[in-house]
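The structure appears right after this line, and notes come after that.
The values are calculated or read from the model by the stated rules, or taken from the named source; none is laboratory data. Because the structure is predicted, anything quoted here is derived from the model rather than measured. So basically every Cβ, Gly included, is an ideal-geometry build from the backbone, and we count neighbours across all protein chains shown.
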């Protein structure tokens, strides 16, 4: 492990990272977001999912610095009386869980499919890629909406609330695997022609071993690059679904649901219900995208000339 | 005596993130009207960069850091990017290495030929096409009218390179710089193309700078030759004398390593031990010294200048006496 | 070339059949098809009789074939909510979405082309950096949030533009089908915010794609050769580089249509825009299965057609594809 660590430390990767202030800032920001999410139960003023904490009488209270505000609710309360700050923290947590979960699922399916398609080739490749193409051209948001709606219809709202998070992970995960599959496949096909694969074959290593032990690590850079984009997308998808009422249920709102709730009140002046979660969400997705952009610039050899 | 093209102490550097790299370190040569010069060396020696430098086509972060490029007496290295366009493609044309990559795949041959003429002459499309057809015939392309409407990928490699040669002839330039013109082609086509180049330059109206690593090709076509190593010219002279009587240890090694050249069948091909240094790590003194078999103490500390031994013959080596 | 078109068309049909199959299977298994027709208070025997009569107990494949046959004739069932044929409902809602998409599309093209080219040609320019930074921000803001922000800024605070609905519409063909908002000043005013909202997600994407493609193209040998030939910079950039850049961008454009549709759902919700997206959500919320299914089939058809057309157009423009018919 030691030589790998040292190689990393001396690598161009780390050098470039330290030089780029934006990358460093985004990375730190992401770590902070993650910390907030993980430590939510301890740092949040109250637990917004616990209905005991919610008092409808304290709904629509503006932020603390406003003349009608209440210092107990730093950023005000939403239409149901939940503390904005707490809900935002827990909402972030939900978004992260779903985002990472969905991407983990997508990646697993996609990588497997891509590896197989790319390495085995032939008919298997055609079928898998056709499948990916069909799915690719169909907007998964619609499918996600449908599946969510059908689920609610069939199983009822109560059951839905319990299973919301895993369900969303499944939906978003299944929806986007073609992205990983394509990238992986392209990478595999690129690597397949290289000599080290030939060498491995001659030695007599079985195909799956070659695929996993040798080809996969070389494709990691492209996979890493799209992962950041996919996490950002997953978070945004969950927000979109929640906004439409088909994501997180009202009892456990995510950032998207908050924005939705706030939308109805924006005309009557309770802007904070939408604005704060909005800014929070955008910040989070923004730093992910910034880091992703930087990763892409660094890991993409073609752009070294810039 | 004033030459058509005279390069004096040309230096080209690349400004990279971790420092500056010298790709060409003081190169000088001349070309007279109708003369054919060969610039020879391994990959990375700086020959292509020299070719690009003449028409100021060095891609960033490279730049000409010193030296003069006199064309018809004027220093074109000082020309603005607008002014250099009157030289590029007009008075000095260039042929690149790989004809497939050089032609734009989405435009027809005709378009790519006509635009070259229109860029340099006030001419109608019809007249431009006439000239294009004339040049296509000159390079022995069959059915030239049909070719004008075709796309690059519809043609064979040899034909594409001929077309590129035809494009370079469109403006009746004074000099053609050919950068590895046959490297990307099949061996049989190589010979055809070289024959064609030779024929075209025979009249004495057009000069040729042939940049290549292929000594065989160079000895067929050129009159004088300059051998480059690690960014410098280390030997120059008439092609005959350099090829048949190489003086610099590197040139000697080169000649002896060509199959079918000086070495007879049955004899061993000689190798030059080691590799040409990376431009970031050029040794002190003579840049060839780590691989040289006849070196002495002085070679490790002092850089040998390119000395003229006798009429037209120069060598950069401490160990060769004039 | 002809073979190419035929092959693509065939693939398109296959894809549509698959999607129709999925839609049909869903429809069969979810919800109760009898209910919309007869209401709640009907005895089980009567239901059974009706089911038999409608052929609901026939084997799956038979029903599916019947479905396809009807679909080809334009009959995709009756909408529960509207109590009208689904095709009619969809057709009445389609123009609204169409106008929205066209509006957004125009905005995207008009802005992203020049910006993409500029940021590729002068990447270190302060304006380029600003545009790129802005575009990263743009993809980080979900479309519904942009929409809400626009409404808040332009309607609530500034009061310049209306915040919902389509405004005054004109009956284009005098048959009640195409209510167009394009021909009235009021209608156009109502179109501005929604189009810009929808465009806001697509623009950053396109700017980036155009920029990255163009930057790659600018590094190619043939561009270097164009410089060697002494051509004018404008020609090299706007003719040589540009055409090569456009080609891959066109294919991406085809793929993006799908995403655009998804985003119309969100945009129409925020703006109460009575288009297909809005209708879709209504159908979801009120469990109008027939309408949902019809919508899916229609959307799938649109995509497949658009993608096929894009492929064919690409094949026409890109000379290297024409001869062989394959990519």
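Here are the numbers for the structure shown:
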quantity: Lone unmet requirement of (1) crowded, with 22+ Cβ neighbours inside 10 Å; (2) facing another protein chain (nearest Cβ under 7 Å); (3) more than 28 Å from residue B:109 (Cβ to Cβ) for residue C:295; calculated: (2)
quantity: Checklist (1) under 19 Å from the mean Cα position of the chain (by Cα); (2) more than 9 Å from every other protein chain (Cβ to nearest Cβ); (3) over 30 Å from residue A:181 (Cβ atoms) applied to residue A:259, failing item; calculated: (2)
quantity: Qualifying positions in the range B:145-154 - in contact with a helix residue (DSSP H, G or I) (Cβ under 6 Å, 6 or more places away or on another chain), in a helix (DSSP H, G or I) and surrounded by fewer than 22 Cβ atoms within 10 Å (Cβ to Cβ); calculated: B:148, B:153
quantity: Residue under evaluation residue B:190, criteria (1) farther than 18 Å from residue B:4 by Cα; (2) crowded, with 23+ Cβ neighbours inside 10 Å, criterion not met; calculated: (2)
quantity: Unique residue being facing chain B (nearest Cβ under 10 Å) and either closer than 22 Å to residue A:237 by Cβ or assigned to a helix (DSSP H, G or I) (or both) when the list is C:265, C:223; calculated: C:223
quantity: Looking only at the range C:121-134, and only at residues there that are facing chain A (nearest Cβ under 10 Å) and assigned to a helix (DSSP H, G or I), the one that is surrounded by the fewest Cβ atoms within 10 Å (Cβ to Cβ); calculated: C:133
quantity: Flag if residue C:138 is part of a helix (DSSP H, G or I) and either modelled with pLDDT under 75 or under 23 Å from the mean Cα position of the chain (by Cα) (or both); calculated: yes
quantity: Which listed residue is in contact (Cβ under 8 Å) with a residue 40 or more places away in the chain, within 14 Å of another protein chain (Cβ to nearest Cβ) and crowded, with 19+ Cβ neighbours inside 10 Å, from B:46, B:62; calculated: B:62
quantity: Search result, residues across the range B:84-132 that are part of a helix (DSSP H, G or I), without any contact (Cβ under 8 Å) to a residue 12 or more places away in the chain and in contact with a helix residue (DSSP H, G or I) (Cβ under 9 Å, 6 or more places away or on another chain); calculated: B:101, B:111, B:115, B:118, B:125, B:127
quantity: Helices (runs of 4 or more DSSP H) enclosed by the range C:1-113 - at least 1 residues per element that are in contact with a helix residue (DSSP H, G or I) (Cβ under 6 Å, 6 or more places away or on another chain), modelled with pLDDT of 70 or more and under 30 Å from residue C:203 (Cα atoms); calculated: C:2-29
quantity: Qualifying residue in the range C:180-194 (condition: part of a loop (DSSP other than H, G, I, E, B), on the phi > 0 side of the Ramachandran plot and modelled with pLDDT under 75); calculated: no
quantity: Members of the range C:139-153 found to be more than 7 Å from every other protein chain (Cβ to nearest Cβ) and in contact with a helix residue (DSSP H, G or I) (Cβ under 6 Å, 6 or more places away or on another chain), listed by number; calculated: C:143, C:146, C:147, C:150
quantity: Some residue of the range B:60-71 being at pLDDT below 90, under 26 Å from residue B:217 (Cα atoms) and touching a strand residue (DSSP E or B) at 6+ places or on another chain (Cβ under 7 Å); calculated: no
quantity: Residue list for the range A:277-306, filter: at pLDDT below 85 and surrounded by fewer than 18 Cβ atoms within 10 Å (Cβ to Cβ); calculated: A:297, A:299, A:300, A:301, A:302, A:303, A:304, A:305, A:306
quantity: Selection from the range C:227-246 of residues that are on the phi < 0 side of the Ramachandran plot, within 7 Å of another protein chain (Cβ to nearest Cβ) and buried (at least 17 other Cβ atoms within 10 Å of the Cβ); calculated: C:227, C:228, C:229, C:231, C:240, C:244
quantity: Boolean, residue B:78 is away from chain C (no Cβ under 11 Å) and free of Cβ contacts under 8 Å to residues at least 24 places away in the same chain; calculated: yes
quantity: Residue match in the range A:52-61 (condition: in a helix (DSSP H, G or I) and at pLDDT 75 or above); calculated: no
quantity: Residues of the range B:72-83 that turn out to be out of contact with any strand residue (DSSP E or B) (no Cβ under 6 Å at 6 or more places or on another chain) and not in a strand (DSSP E or B), as a count; calculated: 8
quantity: Test set (1) more than 17 Å from the chain's Cα centre (by Cα); (2) more than 11 Å from every other protein chain (Cβ to nearest Cβ); (3) over 17 Å from residue C:151 (Cβ atoms) - residue A:245 fails condition number; calculated: (2)
quantity: Residue in the range B:173-181 that is at pLDDT 85 or above, assigned to a helix (DSSP H, G or I) and buried (at least 20 other Cβ atoms within 10 Å of the Cβ) present; calculated: no
quantity: Test: residue in the range C:271-290 that is closer than 30 Å to residue C:121 by Cβ, out of contact with any helix residue (DSSP H, G or I) (no Cβ under 6 Å at 6 or more places or on another chain), in a helix (DSSP H, G or I) and free of Cβ contacts under 8 Å to residues at least 60 places away in the same chain; calculated: no
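The rows are residues; the columns are (1) in a helix (DSSP H, G or I); (2) surrounded by fewer than 22 Cβ atoms within 10 Å (Cβ to Cβ); (3) touching a residue at least 24 places away in the same chain (Cβ under 8 Å).
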{"position": "A:74", "(1), (2), (3)": "no, yes, yes"}
{"position": "A:79", "(1), (2), (3)": "no, yes, yes"}
{"position": "A:93", "(1), (2), (3)": "yes, yes, yes"}
{"position": "A:103", "(1), (2), (3)": "yes, no, yes"}
{"position": "A:108", "(1), (2), (3)": "yes, yes, no"}
{"position": "A:111", "(1), (2), (3)": "yes, no, yes"}
{"position": "A:123", "(1), (2), (3)": "yes, yes, no"}
{"position": "A:128", "(1), (2), (3)": "yes, yes, yes"}
{"position": "A:132", "(1), (2), (3)": "yes, yes, yes"}
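Yes/no per residue for (1) within 30 Å of residue B:85 (Cβ to Cβ); (2) within 14 Å of another protein chain (Cβ to nearest Cβ); (3) in contact with a helix residue (DSSP H, G or I) (Cβ under 7 Å, 6 or more places away or on another chain); (4) touching a residue at least 60 places away in the same chain (Cβ under 8 Å):
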| residue | (1), (2), (3), (4) |
| --- | --- |
| B:156 | no, no, no, no |
| B:159 | yes, no, no, no |
| B:169 | yes, yes, yes, yes |
| B:176 | yes, yes, yes, yes |
| B:187 | no, no, no, no |
| B:205 | yes, no, no, yes |
| B:210 | yes, no, yes, yes |
